[in-house]
Amino acid sequence: MSSEEESLFSIVALKKWFSTRTGLLDSILGKQEYVRAVDEISFEIKKGEVVCLVGESGSGKTTAARLILRLEDPTSGEIIYKGEDIAKAKERKIRRLRRHMQMIFQNPYESLDPRMTVYDVIAEPLQVTKLFPKSETSQRVGKALEDVGLIPVSEFSIRFPHELSGGQRQRVSIARALVLDPEFIVADEPASMLDANTRIEILNLLQDLQAEYHMGILFITHDLAQARYLGHRIIILYLGKIVEKGNIDQVIQNPHHPYSKALISNIPVPDPDAKRERIDIEGEIPTAINLPLGCRFAPRCPFKFKRCTEEEPELMLKEGRYSACWLD
Ligand SMILES: Nc1ncnc2c1ncn2[C@@H]1O[C@H](COP(=O)(O)OP(=O)(O)OP(=O)(O)O)[C@@H](O)[C@H]1O
Ligand SMILES: [Mg+2]
């Protein structure tokens, strides 16, 4: 097996159900309800691979990422990290493993401590983890700043977050993640709060850094154009379930699942003359409580038939990708 194909994470039937608040009587009567935020999902992330997790708001993307980083305990399932199941690992072990995994958040305005200089923000993970000798701190911070394009380093090091633009702040978040030389990064909508030009710059930067550092990235977005730009493989989530997964170009060029088709038909086409049929799906994404019998997308699916409301489809392999639809 080449290093490109080596597995970093193997996620098996991962599940997170949150219990909703119910009254005492309901609990006694066993009427506890659950939000099935992540409902038995399985997928692989290989070393140096960008896997995009796509889906509407509430589909379980952030929860899935938080489970993988063990910021949240799974209800059940396996999180195999380099051959070892860490789904039930204890806090001490998790803390040790987390040094190799970092997260970049959506909001560059909230994720940085306003009282810390850029230098301190980036140096902090080095100080907390003590992963590298103290004498290397300034050189490592400098390298991270250079890598994210915040130069001259001496000028940016002494600034505070409020003295930076949104794009620059996001570069600081990326530098903070990179400084530990991670092998895995979760980027949760890292570019969605930025204007269009800055968004492209940040995506370009992530692409360059991914190649340079050979990191595995779980890139979370609801924007398929961003996913296609950066990703090698795609996972499309709907109400906590994977509806389709596979090679990103294949899935985007020829989606199988009606939900994927609808999402993809709504990607803006740069050429206004290019004809593409838009598939509109009715209604909003419901919450993952009291899910319907059968396929959870059926209530909004323009192609549903009887079986869809009776039996839940499992992911099936066809033409090199998996999709969970009775039409397939
Ligand atoms: N701590 C929690 N307690 C209860 N329910 C939760 C909790 N965290 C998430 N949920 C619920 O789980 C579901 C999935 O949420 P999640 O944040 O993972 O979705 P998402 O795909 O990241 O959405 P968005 O695109 O809006 O960020 C939602 O219905 C959400 O309300
Ligand atoms: Mg989210």
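The values are calculated or read from the model by the stated rules, or taken from the named source; none is laboratory data. Computed from a prediction, not measured in an experiment: that's the story for all the values here. Using ideal geometry, Cβ is built from the backbone for each residue, glycine included, and neighbour counts are taken over all protein chains shown.
Any residue that is touching a residue at least 40 places away in the same chain (Cβ under 8 Å) and hydroxyl-bearing (Ser, Thr, Tyr) - is there at least one of those in region 196-216? Taking every residue of region 196-216 in turn, none turns out to be touching a residue at least 40 places away in the same chain (Cβ under 8 Å) and hydroxyl-bearing (Ser, Thr, Tyr).
Considering each residue of region 19-41, count those that are within 14 Å of ligand 1 (Cβ to nearest atom) and either without any contact (Cβ under 8 Å) to a residue 24 or more places away in the chain or in a strand (DSSP E or B) (or both), and give that number. Counting residues in region 19-41 that are within 14 Å of ligand 1 (Cβ to nearest atom) and either without any contact (Cβ under 8 Å) to a residue 24 or more places away in the chain or in a strand (DSSP E or B) (or both) gives 11.
Yes or no, residue by residue, for (1) away from ligand 1 (no atom under 16 Å from the Cβ); (2) at pLDDT below 90:
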position	(1), (2)
VAL51	no, no
LYS61	no, no
ALA64	no, no
ARG70	no, no
GLU91	yes, no
TYR109	yes, yes
ASP113	yes, no
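Applying the set (1) under 30 Å from LYS130 (Cβ atoms); (2) crowded, with 20+ Cβ neighbours inside 10 Å to LYS93 leaves exactly one unmet item: (2). Determine, yes or no, whether ILE281 is under 23 Å from GLY216 (Cβ atoms), without any contact (Cβ under 8 Å) to a residue 60 or more places away in the chain and hydrophobic (A, V, I, L, M, F, W, C). So ILE281 does not fit the description; no. Starting from region 299-315, take each residue that is hydroxyl-bearing (Ser, Thr, Tyr) and list its partners that are surrounded by 15 or more Cβ atoms within 10 Å (Cβ to Cβ), counting only C-beta distances under 6 angstrom and pairs at least six apart or across chains. Sorted first by the residue in region 299-315, then by its partner, the pairs are THR309/GLY294; THR309/ALA298. All conditions but one from (1) within 16 Å of ligand 2 (Cβ to nearest atom); (2) closer than 22 Å to ILE242 by Cα apply to ASP73; the one that does not is (1). Within region 284-328, restricting attention to residues that are aliphatic (A, V, I, L, M) and touching a Pro at 6+ places or on another chain (Cβ under 8 Å), the residue that is surrounded by the most Cβ atoms within 10 Å (Cβ to Cβ) is ALA324.
Exactly one residue out of GLN139, GLN168 is out of contact with any Lys or Arg (no Cβ under 6 Å at 6 or more places or on another chain) and without any contact (Cβ under 8 Å) to a residue 12 or more places away in the chain: that is GLN139. If you go through region 178-196 and keep only what is assigned to a strand (DSSP E or B) and either within 14 Å of ligand 1 (Cβ to nearest atom) or surrounded by fewer than 19 Cβ atoms within 10 Å (Cβ to Cβ) (or both), you end up with VAL186, ALA187, ASP188.
When GLY246, GLY240 are checked against the criterion of being of a type outside the set (A, V, I, L, M, F, W, C) and touching a helix residue (DSSP H, G or I) at 6+ places or on another chain (Cβ under 9 Å), a single residue qualifies: GLY240. A search for C-beta distances below 6 Å between a residue of region 48-60 that is within 13 Å of TYR229 (Cα to Cα) and any residue that is in a loop (DSSP other than H, G, I, E, B), counting only pairs 6+ apart in sequence or on different chains, returns VAL50/GLY231; VAL50/HIS232; CYS52/GLY231.
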